[in-house]
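Input: a single structure, listed below in structure tokens.
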Amino acid sequence: MITPKCRHFGPCGGCSLQHLEYGEQVEHRRSLVVALLEKEVEVVPMENPWNHRSKMEFTFGQEGGRVTLGLHQKGSYQRIVDIEQCEIAHPEVSRLLCAIREAAGRSALSSYNNRRHEGFWRYAVARVSRSTGELLLVLMTNEGPRAPLLAMAEELAAEVPALKSFYWGVTAKLSDVAQPDRLERLWGAETLEDSVGAVRYRFGPSNFLQPNHALVEKAYAAIRTGAGLTGQEAVYDLYCGIGLISLSLAGGAKTVCGVESEPENIDFAERNASLNGISNAEFICGRVEDLIKGRALFRGGPAPDVIVLDPPRVGLHKEVLLPLLEARAPRLIYMSCNPASLARDLKALTPAYRIESLKMFDFFPHTEHTEVLAVLTRS
């Protein structure tokens with residue numbers, strides 16, 4: 001047991017393991033993964049487990065007539081821990097957090113109350129480019145006036161020079177989810193630019209990215225190694241997002257085909273391919289379970305040599321497994337943020353495939369969560 005670095009540890013629901021030395025945390029997570037997968041894993045830890053997150057979602061609260069901003073109190077959907085400095089976020093994010101709270105507090109508007117479903121301020125989602133240190137902010141509110149957001153954009157731009165993009169999101173959802181019904185850019189750049197390895201990319205307010213930039217490059221390097229590319233392979237990247245894995249593999253492959261259900265992500269993937277001068281990668285919009293039925297995806301293109309899977313936390317849709325097995329790709333590479341769903345899917349994929357390697361990337365220090373990469377070869 002150690003003294004937690006963060007002054008908010010305990011009440012704050014963001015971290016649960018800061019009272020343990022980092023090495024103890026890693027071993028704790030490793031043991032959980034081993035128990036679920038029933039196999040040993042190689043661990044890739046962080047050199048520095050602090051200030052690693054490139055995206056943070058904060059929630060507004062109200063206490064004694066004062067606007068608060070931070071993370072949910074552990075075990076509570078109502079109370080918000082007012083955060084002064086978040087030790088897992090990029091330092092510029094903490095600076096922006098304090099400036100937002102002060103600006104919102106100067107307004108005559110209250111924070112949203114999710115019991116009474118009234119109030120204005122709801123969420124602040126901050127994203128940072130690790131390459132440039134620049135920030136993108138989505139400030140989400142209930143339906144209401146536009147003027148306070150315009151005033152806040154001007155104030156924050158002057159107070160936080162790293163802020164380069166300000167979006168206003170409006171949500172009237174009753175659920176406590178930071179997803180806007182509509183989104184408007186009020187000030188600054190449309191996107192930020194970052195890089196992972198040799199791949200440059202642009203991202204906007206809604207694109208999914210791995211939040212731990214420090215380890216992403218190592219994870220993508222492990223994917224390239226696992227793919228064993230010689231320049232002749234056809235690679236399919238299922239659940240490709242904005243195309244970062246696809247683009248990191250394109251230089252070693254003959255062709256890469258990325259599949260993604262969100263049209264906005266496909267647009268960014270194509271723009272990022274163009275940004276890097278990559279011409280052997282194509283991107284298809286649609287749900288993987290729809291496009292893969294009857295192996296239609298693979299019949300419409302070259303037979304797969306490598307299939308990369310990076311699904312949501314729930315894992316592979318049940319309708320994906322059979323056509324995936326029937327495709328008989330020599331290599332499967334499965335990236336998972338949920339070892340439980342990974343364990344379930346690996347049982348379905350073996351004995352047709354054998355597990356060549358398992359690596360645990362410690363993407364989420366101070367929490368119970370982790371990322372696992374499985375490389376499988378056809379038996």
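Please treat every number below as a calculation from the coordinates, not as lab data. Everything quoted here is computed from the prediction, not taken from an experiment. Note: ideal-geometry Cβ built from the backbone for every residue, glycine included; neighbour counts use all protein chains shown.
With axes computed from alpha carbons, what is the tilt in degrees of helix 263-275 against the longest principal axis of the chain, rounded to the nearest 10 within 0 to 90?
70 degrees
How about residue 74: which lysines have a C-alpha closer than 23 Å to its C-alpha, ignoring those fewer than 8 places off in the same chain?
5, 55, 173
Among 173, 55, what is the fewest-to-most ranking by other Cβ atoms within 10 Å?
Fewest-to-most Cβ neighbours within 10 Å comes out as 173, 55.
Give the label of the value calculated from the structure for semi-axes √(5λ) of the Cα gyration tensor in Å, choosing from (1) 45, 28, 15; (2) 38, 24, 19; (3) 31, 25, 20.
Among (1) 45, 28, 15; (2) 38, 24, 19; (3) 31, 25, 20, the one derived from this structure is (2).
Can you tell me how the range 180-289 classifies by the Cα gyration tensor, rounded, prolate or oblate, using a/c under 1.5 as the rounded cut? Walk me through the intermediate numbers first.
Working: a/c = 1.92, a/b = 1.53, b/c = 1.25.
Note, shape of the range 180-289 comes out prolate.
What is the gain in length, in nm to one decimal, between residue 24 and residue 175 on full extension, counting 0.36 nm per residue of separation less the C-alpha to C-alpha distance?
That pair, residue 24 and residue 175, stretches by 50.8 nm at full extension.
Taking the Cβ-Cβ separation of residue 32 and residue 321 as r and a Förster radius of 22 Å, what is the calculated FRET efficiency to the nearest 0.05?
My answer for the efficiency is 0.35.
Could you state the angle between the C-alpha long axis of helix 147-159 and the longest principal axis of the C-alpha atoms of the chain, as a value from 0 to 90 degrees rounded to the nearest 10?
Helix 147-159 and the main axis of the chain meet at about 80 degrees.
When the helix-only estimate is applied to the chain (DSSP H runs of n ≥ 4, each -39,500 (n - 2.57), divided by the residue count), what is the mean residue ellipticity at 222 nm, nearest 500 deg cm²/dmol? Please report the intermediate quantities before stating the final value.
Details: 10 runs with 109 residues, N = 379.
Computed mean residue ellipticity for the chain: -8500 deg cm²/dmol.
Helix 339-349: angle to the longest alpha-carbon principal axis of the chain, degrees 0 to 90, nearest 10?
Between the helix axis and the principal axis of the chain, the angle is about 20 degrees.
Given a Förster distance of 45 angstrom, what is the FRET efficiency for residue 47 paired with residue 299, based on the Cβ-Cβ distance and rounded to 0.05?
0.50
If a/c stays under 1.5 just call it rounded; otherwise compare a/b with b/c (prolate if a/b is bigger, oblate if not). Do that for the range 212-378, with a ≥ b ≥ c from the square roots of the Cα gyration tensor eigenvalues.
rounded
Would you order 171, 3, 370 from fewest to most other beta-carbon atoms within 10 Å of each residue's own beta-carbon? Walk me through the numbers on the way to the answer.
Values: 171 20, 3 7, 370 24.
Going from sparsest to densest Cβ surroundings: 3, 171, 370.
Label-point separation (nm) for residue 377 and residue 66, each offset 7 Å from Cα along Cα-to-Cβ?
With each label placed 7 Å out from Cα toward Cβ, I get 6.2 nm.
Report the extension gain between residue 115 and residue 221 in nm, rounded to one decimal, defined as 0.36 nm multiplied by the number of residues separating them, less their alpha carbon distance.
Between residue 115 and residue 221, full extension yields 33.5 nm more.
Please list, or write none, the aspartates and glutamates whose alpha carbon is within less than 17 Å of the alpha carbon of residue 164, excluding same-chain residues fewer than 8 places away.
Once the sequence-local aspartates and glutamates are set aside, what remains near residue 164 is 92, 134, 154, 155, 184, 190, 193, 194.
For the pair residue 313 and residue 367, how long in nm is the line joining their label points, each one 7 Å along Cα→Cβ?
So the two model labels end up 0.8 nm from each other.
List the lysines whose Cα sits under 23 Å from the Cα of residue 359, skipping any in the same chain fewer than 8 residues away.
Partners found: 39, 218, 347.
With contacts defined as alpha carbon pairs under 8 Å and 6 or more residues apart, what's the relative contact order of the chain in percent?
14 percent
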